[in-house]
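S.K.: Sharing a structure, written as structure tokens. Questions coming.
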């Protein structure tokens, strides 16, 4: 029997990711940004390069608010 559930997805995540990329440019940019946020460098790197979603906290620090949309997904 198929199972249906909904998933939330940020519709403005691409713009936020671009701002994150710009905010971390330059020598030591990721480390400096991570220190200002009080998070680890790996946490920021995961959002930049490993495909992890941009967190609400990081979006807020960049001056953004994540706008969510509900999408449906079906699993068997």
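Bear in mind that the values in this text are calculations on the coordinates, not laboratory data. Predicted model only: the values in this text are computed from it and were never measured. Note that we place each Cβ from the backbone using ideal geometry, even for glycine, and neighbour counts take in every protein chain shown.
S.K.: Points 7 angstrom from Cα along the Cβ direction at residue 22 and residue 60: gap in nanometres?
M.R.: About 2.2 nm, to one decimal.
S.K.: Within 10 Å of each residue's Cβ, count the other Cβ atoms and sort 39, 56 from fewest upward.
M.R.: Lowest count first: 56, 39.
S.K.: For residue 45 paired with residue 12, estimate the spin-label separation in nm (one decimal), with each label point 7 Å from Cα along the Cα-to-Cβ line.
M.R.: 3.0 nm
S.K.: Under a point spin-label approximation (7 Å from Cα along Cα-to-Cβ), what is the residue 52-residue 35 distance to one decimal in nm?
M.R.: 2.0 nm
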